[in-house]
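Input: a single structure, listed below in structure tokens.
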Amino acid sequence: MSNKEIFEESKKYMPGGVNSPVRAYRDMGIDPPVMKSGKGVILTDEDGKDYIDFVLAWGPMILGHSNEDVVTAIKEISESAIAFGTPTDLELKMSKFLCEEMDNVEMVRFVNSGTEATMSAIKLARGYTGKNKIIKFAGCYHGHFDGFLVEAGSGVLTEGIAGCLGIPNDSIKNTLVGVYNDMEQVRSLFEAYGDDIAAVIIEPVAGNMGVVKAEDEFMETLRVLCDEYGSLLIFDEVMSGFRVAYKGAQSLFNVKPDLITYAKIIGGGLPCGLYGGRRDIMEKLSPVGGVYQAGTMSGNPVVMAAGMATLNILKANQGIYDHINKLGEKLQNGIEDIAREKGIKLTVNRVGGMMTVFFTDRNPVRTYEDAKSCDLEMFRKYFLHMNKNGFNIPQSQFESMFLSAVHTEEHIDKFLETFKRFQP
């Protein structure tokens, strides 16, 4: 069956024909490619068309698709273990690795997705502090848990307004919306509600309003406010963990979080998530403490094997991050130079192997409001041009491109040559 035939048939059995909304390409006005295989950074769809991939399954495939060591680990473990619902030695190895390698992580709990990790971290923060409210930031995405799906409204001091259907007001009444990189606005939230704020959750490098890095002074202010009011600071590193640097986004700041969430890369491409942090907080979890959270497939041996294979490669080859940074710098500089020559208004934000091309004259893009100023029609034309010419890039202005260990300068050159032919 062709791409089109598979997609049309899929609509009969899955809403919109997809299992995650952005995959439908609806804003781009075309049907999505239906991918059949991937090796390295080359994807092939059901029509036989190849794409150079700059999405990498939305970040996890830092070693490229079907890395031989990861595939071997999956094959070997699946001969003897697929799922038990009991403790395994692989869980111990993975937990020990993360606690020894990651700063500010003394204990961990595995789950099956980034959403599970963040929602569980919030529950734990409430259980530990005895408080109810959380602060999340406009433009930061922490998964589809009800309490996170809140819009900013006017972007000033506000309680939540539901961002999608199906969310009762009671589910979001304890969510406060902060303005990313706005210290005074967040301080005002604490002054008004500080006695009942259990936690602040933030992507230190945001990826779902496009790539936006938190500013140093802003992060330091969050730490001070959390300490002053007895709240926990949670870093959501589902996307940035092992991605922007070996030790993640927290290594870019002089700030210690109380809890951290990870997913994506730690599963080696398989469904995985975890939350971890200070021992005294984590020991509030059942069966040691009174905060209950469980999962049949948590710590699944096949996932643990894929994750360990990936993390061992990254640990032994940390020059991968220098390689990614070098390619990212070349790609960013090239796009900016070509845009100047063509008179295209754009700003490129990049942190390590995460990058977004914002079609706006705001430079830098530092807030959600800045991101929303983008010319979405210009982005659509850019996307369609790159897609037509064999590049798999994010189909939303508000997502990140990703680079991998197996991208080469030739891939970057081809991207820039194609972008140079872009006619707005």
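The values are calculated or read from the model by the stated rules, or taken from the named source; none is laboratory data. The shown structure was predicted, so the numbers you read here are calculated from the model rather than taken from an experiment. Because the Cβ atoms are built from the backbone with ideal geometry, glycine has one as well, and the counts that use them run over all protein chains shown. Accessible surface areas use protein heavy atoms only, side chains included; no ligands, DNA or RNA. Shrake-Rupley method; radii C 1.70, N 1.55, O 1.52, S 1.80 Å.
Observations on the structure shown:
- Condition check for LYS326: free of Cβ contacts under 8 Å to residues at least 40 places away in the same chain, open to solvent by 70 Å² or more (accessible area, probe 1.4 Å) and under 24 Å from the mean Cα position of the chain (by Cα): yes
- Residues being of a type in the set (Phe, Trp, Tyr), touching a residue at least 24 places away in the same chain (Cβ under 8 Å) and surrounded by fewer than 24 Cβ atoms within 10 Å (Cβ to Cβ) - total across the range 243-301: 2
- Top-ranked residue in the range 329-356 [being of a type in the set (Gly, Ala, Ser) and under 24 Å from the mean Cα position of the chain (by Cα); ranked as farthest from GLU417 (Cα to Cα)]: GLY352
- Residue in the range 386-403 that is without any contact (Cβ under 8 Å) to a residue 60 or more places away in the chain and touching a helix residue (DSSP H, G or I) at 6+ places or on another chain (Cβ under 9 Å) present: yes
- Residue ranges of strands (runs of 3 or more DSSP E) in the range 1-61 with at least 1 members of a type in the set (S, T, N, Q): 35-39, 42-45
- Of all residues in the range 1-26 being of a type in the set (A, V, I, L, M, F, W, C) and in contact (Cβ under 8 Å) with a residue 12 or more places away in the chain, the one that is farthest from HIS144 (Cα to Cα): MET1
- Out of LEU252, LEU222, sole residue that is of a type in the set (A, V, I, L, M) and more than 21 Å from PRO60 (Cα to Cα): LEU222
- Here the condition is being surrounded by 15 or more Cβ atoms within 10 Å (Cβ to Cβ), modelled with pLDDT of 95 or more, over 30 Å from ILE202 (Cβ atoms) and among the acidic types (Asp, Glu); of GLU116, GLU76, GLU68, GLU46, it holds for GLU46 alone.
- Qualifying residue in the range 194-204 (condition: in contact with a Ser or Thr (Cβ under 8 Å, 6 or more places away or on another chain), open to solvent by 10 Å² or more (accessible area, probe 1.4 Å) and either in contact (Cβ under 8 Å) with a residue 24 or more places away in the chain or not in a loop (DSSP other than H, G, I, E, B) (or both)): no
- Subset of the range 215-241 that is in a loop (DSSP other than H, G, I, E, B) and farther than 28 Å from GLY130 by Cα - its residue that is nearest to the chain's Cα centre (by Cα): MET239
- Residue in the range 8-16 that is of a type in the set (Gly, Ala, Ser) and open to solvent by 50 Å² or more (accessible area, probe 1.4 Å) present: no
- Residue count for the range 342-368 satisfying the condition of being without any contact (Cβ under 8 Å) to a residue 60 or more places away in the chain, open to solvent by 20 Å² or more (accessible area, probe 1.4 Å) and either in a helix (DSSP H, G or I) or within 23 Å of LYS264 (Cα to Cα) (or both): 0.
- Sole exception among (1) in contact with a Cys (Cβ under 8 Å, 6 or more places away or on another chain); (2) outside any strand (DSSP E or B) for PRO271, by number: (1)
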